[in-house]
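The values are calculated or read from the model by the stated rules, or taken from the named source; none is laboratory data. Quantities reported herein were computed from a predicted structural model and do not represent experimental measurements. For neighbour counting, all protein chains shown are included, and Cβ atoms are generated from backbone atoms with ideal geometry for every residue, glycine included. These area figures cover heavy atoms from the full protein model, side chains too; ligands, DNA and RNA do not enter into them. Shrake-Rupley method; radii C 1.70, N 1.55, O 1.52, S 1.80 Å.
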Amino acid sequence: MAKKKYIISFPHLGNYYVPIYNLLNNTVDKNLCEIMIPKKMTLRTLEVGSKASPEHICSPFKYNMGNFIESLENGANVLIQAGGGCKYGYYAEVQKQILEDMGYNFTYIQLFSSQKLDINYIYNSFKMFNPKLTIIKLAYNFLLAFKILFILDKFEEYIRENMVYQINNIDFLKLHKDFLNELMEVKDINKLNILKKVYFKKMYNVKLVSQDIRDKYIKIGIVGELFSSMEPFSSMFIEKKLAEMNVKTKRYTTVTYLLFKKGFSQKKLLEESKNYINYQFGADGTESIAHSLELINMGYDGIIHIKPFGCTPEINAMPILQKISNDYNIPIMYITFDSQMSEEGFKTRLEAFYDMIKMNKEKKHLA
Ligand code: SF4
């Protein structure tokens, strides 16, 4: 079979490959293009990404580089990068330069430039992959992909918050896998709405333990940097590990939040945190403070603050979180994920944090 002209790939961020794949699948001409979902993240991804990246750059850059290199090694010749805020907004140019210096030949497309979607640029880029593409069809496909993103986030949020309560350990897992596969292939909004109805019904029907048992579970909120929050490999599957320890978790950061809610909630978050901060301090630092206070109000037993190596906005949030921890007498653990972190050491820290919270709870109960 003749080799396709364009082999398109993009970096991983949790399960967001689903709406990206759907958008590409419905948009490109299959006679011209092949869509390459990047290889699953492994230690090698981080290894090759780190080797090609500036040593002190924050880790998400290295993960993206690892995904790109592995895709290029597999034959990709078009790379798509989202772009966005913080240092992430400057990743694209630097990554492109490094990969070219490494000798790779590829077309590079950056969806968000200066944090804005440049519709003309995107349309012209996609026309390359489908000369018959109309702007209306592209707009529809984007709308469909955004709807999928929104539904996926809602679906995963429910599962995240309830997986620890399910009676049969594999119910959510199976449902989740099937739903993701269907979402990748869906072609129109009507079918998507039907799919949503079917899968949400199944999801709400998964049997959970009773409320009085749920009330006894330890609850830990997770705040911090966005990439570590949304890409489970980069945070060593912290949510899954805590669920296995019978801990209920909550986190706020999703792409839906970042794209559609964050901009409107900044004023409210600052107001809620006015005893601790007067100004926003970049990326998700403000959220880490405000959401920690929210978690405390909701009765959470502890908070874990996560960030990747090299993340400055979240370093700024840490002394304030420390003050919150003292004022409210709530344990907060700080974890910085880097390529040197050992799985065993990480697990031990989580277990120690869990034991401390459990002992605190028992003491309070006896007092
Ligand atoms: S928030 Fe932190 S990790 Fe993310 S781009 Fe900014 S500095 Fe890097």
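The condition of being out of contact with any helix residue (DSSP H, G or I) (no Cβ under 7 Å at 6 or more places or on another chain) and farther than 18 Å from Thr249 by Cα holds for only one of Asn141, Asn124, Asn130, that being Asn124. Might you check whether a residue that is touching a strand residue (DSSP E or B) at 6+ places or on another chain (Cβ under 9 Å), within 15 Å of the ligand (Cβ to nearest atom) and either of a type outside the set (Lys, Arg) or open to solvent by less than 20 Å² (accessible area, probe 1.4 Å) (or both) occurs anywhere in the stretch 34-44? Checking the stretch 34-44: not a single residue is touching a strand residue (DSSP E or B) at 6+ places or on another chain (Cβ under 9 Å), within 15 Å of the ligand (Cβ to nearest atom) and either of a type outside the set (Lys, Arg) or open to solvent by less than 20 Å² (accessible area, probe 1.4 Å) (or both). Cβ-Cβ distances below 7 Å connect the following pairs, each with a first residue in the stretch 135-161 that is at pLDDT 95 or above, a second residue that is assigned to a helix (DSSP H, G or I) and among the basic types (Lys, Arg), and a separation of six or more residues or different chains: Ile151/Lys196. The listed residues are Tyr90, Tyr121, and the only one of them that is within 16 Å of the ligand (Cβ to nearest atom), free of Cβ contacts under 8 Å to residues at least 40 places away in the same chain, at negative phi and part of a helix (DSSP H, G or I) turns out to be Tyr90.
For the residues Tyr334, Tyr328, Tyr300, the requirement of being more than 16 Å from the ligand (Cβ to nearest atom) and within 14 Å of Ile222 (Cβ to Cβ) singles out Tyr300. Is it fair to say Gln97 is within 20 Å of the chain's Cα centre (by Cα) and either open to solvent by 20 Å² or more (accessible area, probe 1.4 Å) or free of Cβ contacts under 8 Å to residues at least 40 places away in the same chain (or both)? No; evaluated as a whole, the condition is false for this residue. For Pro38, the criteria (1) part of a loop (DSSP other than H, G, I, E, B); (2) within 24 Å of Ala145 (Cα to Cα); (3) in contact (Cβ under 8 Å) with a residue 40 or more places away in the chain hold in every case but one, which is (3). Looking across the stretch 49-69, the residues that are open to solvent by 30 Å² or more (accessible area, probe 1.4 Å) and either part of a helix (DSSP H, G or I) or more than 13 Å from the ligand (Cβ to nearest atom) (or both) come down to Ser50, Lys51, Glu55.
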